[in-house]
Structure formats: C-alpha cells, structure tokens
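Nothing in this text is a laboratory measurement; each read-out follows from the coordinates by a stated rule. Keep in mind that this is a model prediction, so the values were computed, not measured. Glycine also receives a Cβ, built like all others from the backbone with ideal geometry; neighbour counts cover every protein chain displayed.
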Amino acid sequence: MTEQAIKLSDLDPDSFYTPEFIAPIMGFNKSELRRYCRESGINSRLSKNRITLTIDDAKAIKLWIKERNTPSIEEVEQDPFV
C-alpha cells in the first residue's frame, strides 16, 4: 500500500494541531518544532499551557526559520578588491 503524503493545505485551517502531528509534515522532529515555537513565540497555548499550532502558525514558523537563516549584510563576505 502506498501512503499519501499529507500537506498543510490538506488540513482544516480552523483547527489546532499538536507539534507531534505537524512536525513530520514540515520535515522536523517534534522536539525541533517545539523549540522553534518557544524561540519564535509563534504558537497557541491551550489548556494546561500546551503548545498547539494552527496552519497559519506553521506557515509563520516556516517564514521565521527562513528569515533567521538568511545572512545579514554584515555577514556576507565583502570582496576587498571592489
């Protein structure tokens, strides 16, 4: 049997999902995604202060990671001969 891959666009945008459910879809393990949620502050906290994510939260974390990994102007190597 072939298992179809789930995409974020296939999920209900009005629901909350656990990092354990969303992490494999995004290509992370659950502890990585939890760490990104805490560092970025992008998450929703429900009862007992549990971390949950909406589809918009998952997309925002993806953008946050891309922006975080983009080198700043100072970090880009300058050519001394220009």
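Just a few scattered comments:
- Selection from segment 16-30 of residues that are surrounded by 11 or more Cβ atoms within 10 Å (Cβ to Cβ) and among the small types (Gly, Ala, Ser): ALA23
- The residue of segment 20-45 that is nearest to LEU63 (Cα to Cα), among those that are outside any loop (DSSP other than H, G, I, E, B) and of a type in the set (Gly, Ala, Ser), is SER40.
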